[in-house]
1. Any residue in the range 88-104 that is touching a Phe, Trp or Tyr at 6+ places or on another chain (Cβ under 8 Å), open to solvent by 80 Å² or more (accessible area, probe 1.4 Å) and either modelled with pLDDT of 80 or more or not small (Gly, Ala, Ser) (or both)?
2. Do you know which residues across the range 232-241 are open to solvent by less than 80 Å² (accessible area, probe 1.4 Å) and closer than 15 Å to LYS210 by Cα?
3. Before we move on, is GLU290 over 30 Å from VAL376 (Cβ atoms) and either within 59 Å of the chain's Cα centre (by Cα) or surrounded by fewer than 14 Cβ atoms within 10 Å (Cβ to Cβ) (or both)?
4. Regarding the range 278-300, can at least one residue be identified that is part of a helix (DSSP H, G or I) and modelled with pLDDT under 75?
5. Just checking, how many residues over the range 111-133 are out of contact with any Phe, Trp or Tyr (no Cβ under 7 Å at 6 or more places or on another chain) and within 26 Å of ASN86 (Cβ to Cβ)?
6. Which members of the range 49-63 meet the condition of being modelled with pLDDT under 80 and either closer than 14 Å to PHE90 by Cα or open to solvent by less than 90 Å² (accessible area, probe 1.4 Å) (or both)?
7. When you look at PHE331, is it at pLDDT 70 or above, outside any helix (DSSP H, G or I) and either of a type in the set (Phe, Trp, Tyr) or open to solvent by less than 70 Å² (accessible area, probe 1.4 Å) (or both), yes or no?
8. Test of understanding: among PHE171, PHE162, PHE127, which residue is at pLDDT below 85 and either within 29 Å of TYR35 (Cβ to Cβ) or open to solvent by 40 Å² or more (accessible area, probe 1.4 Å) (or both)?
Amino acid sequence: MKRSLFKKYLIFGLVIVLTSFIALSVTMYIFVNRYWENEKKTDLVENANHVAEVVAKSASVSSRKLEFSRSSNYAQTFISISNIINADIFVVDTTGQCKFCTEGTDCLHHAYILPSYVMGATARGEFFESGTLGDYYSEPRYTAGVPIRSADFNGAQKIIGFCYVSTPATFISGLPVTFLQIFFTAAVVMLIIIIIFVTWMSYSMSRPLKQMSYAAKKFAVGDFSVRVKVKSEDEIGELANAFNHMADSLSASEGMRRAFISNVSHELKTPMTTIAGFIDGMLDGTIPPERHDHYMKIVSIEVKRLSRLVTSMLNLSRIDRGELKISPQKFDMFSMLITILASFEQRIIARKLHITGLEKFRSLTVYADPDLMYQVIYNLIENAVKFTNEGGTIDFALEETPYDISVKISNTGPGIPPEDIRYIFDRFYKTDKSRSMDKKGMGLGLYIAKTIMRLHGGDIFVESVVNEYTRFTFRLPVNEAIPLNENRKNEKYVDTTANNETEE
């Protein structure tokens, strides 16, 4: 049978409470019983000494035998004391034979001989026992005894008998009823309060976990709207906050995944439809032969577009599996930048864009993976060309330090809204949801660029002002041994999340 965490906490708490209550009761019983025994011992010994003194003065000893008359005045006093303290008072001689008992001559004290070990212990000065006196009694009793001493003709003290006072050995019967009522009432009230507290604590601890279990089941079927209510700041509260944060991340990831599927479907469908239409047109004669070259160039462009899409998907898969590795070597980054920029010449001319800053560059040898750095620079320049306003400017700048180099690529244009800039490096994220400008982007370029730069020990940053400019800066250590920049905390760039990226 499945047992919930609430029941486990509750049972565990109740076991502790009941165990503590039992331990408290037993401890209290032992101490009260011991206290009661000491009180009874003091009382019984005191009465026994009093009776022994009286017997020693009034009893006669003949033939070394103690004689004490029940009809004497003292005997009636002893009977009265016996009734008051609820105890039997009896006197025995040195042989253990009962000579007087407040119960009368037909009591068990006259029928049995007192054990010798009891008289031996009493002869040493004082005796007290909680028990049956060696089966002298059939039930436990508190029994106190003292020797009866009398002076002989020479004035020497000798033991002529023993006086015992015995009462039932039950301390409960002697305790005040009020004390018992107070103790048990307080114990029951405390037990109820503790049970309520333990129940509440168990429920408050298990409720968030139960909610998390329910939410996890919802997540499993794709519903990321459930959240755990956090009402504490302890470890359970921290766990609930972390769980809610995870739910937010999963919800965002799910939204991006769906957007990605939609984007991929669109990006695959459009070029394939174009390619298929032009090929069919050339095959069935719809497109005349003299126009074949023109449409073949369009097909070539669409095929390259598909190739870039597949490459991005493969890179994403390699990143997720941790298989994207770098193969560093020395190469001229300025030469690579010029080569990539030349591939956009027609688009730059068509949109009348101005390129500035290159005159300040020089031959720049770096130690990095040329293929991966090509992807980074290509993506940044492609974004700049795509988003620069017609007739706008794309500016290149270079900064060098003893530790690293920084390449800045800026462009005029609409810029990136503040609410989007923190997500700019998230995978599948696109700032232009309408596809009006970013028709070819899937939200993977900047994510892959960010990953590539961090594999090199560098990083990439973005800053932007809406309707003014956007500037991407990537930094690369001067060699592979240099760690990630130490002074980044003093920079003005926006450092976005580590595992995220998209096109602008």
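1. yes
2. Within the range 232-241, ILE236, GLY237, ALA240 qualify.
3. The answer is yes for GLU290.
4. Scanning the range 278-300 turns up no residue that is part of a helix (DSSP H, G or I) and modelled with pLDDT under 75.
5. Residues meeting the conditions: 10.
6. Once the filter is applied, which keeps residues that are modelled with pLDDT under 80 and either closer than 14 Å to PHE90 by Cα or open to solvent by less than 90 Å² (accessible area, probe 1.4 Å) (or both), the range 49-63 yields SER58, ALA59, SER60, VAL61, SER62.
7. Yes, satisfied.
8. PHE171
The values are calculated or read from the model by the stated rules, or taken from the named source; none is laboratory data. Since the structure is predicted, the reported quantities are computational estimates derived from the model, not experimental observations. Every residue, glycine as well, gets a Cβ built from its backbone with ideal geometry; the counts of neighbours run over all protein chains shown. Each accessible area value is taken on the protein alone, full model and side chains, heavy atoms only, with ligands, DNA and RNA left out. Shrake-Rupley method; radii C 1.70, N 1.55, O 1.52, S 1.80 Å.
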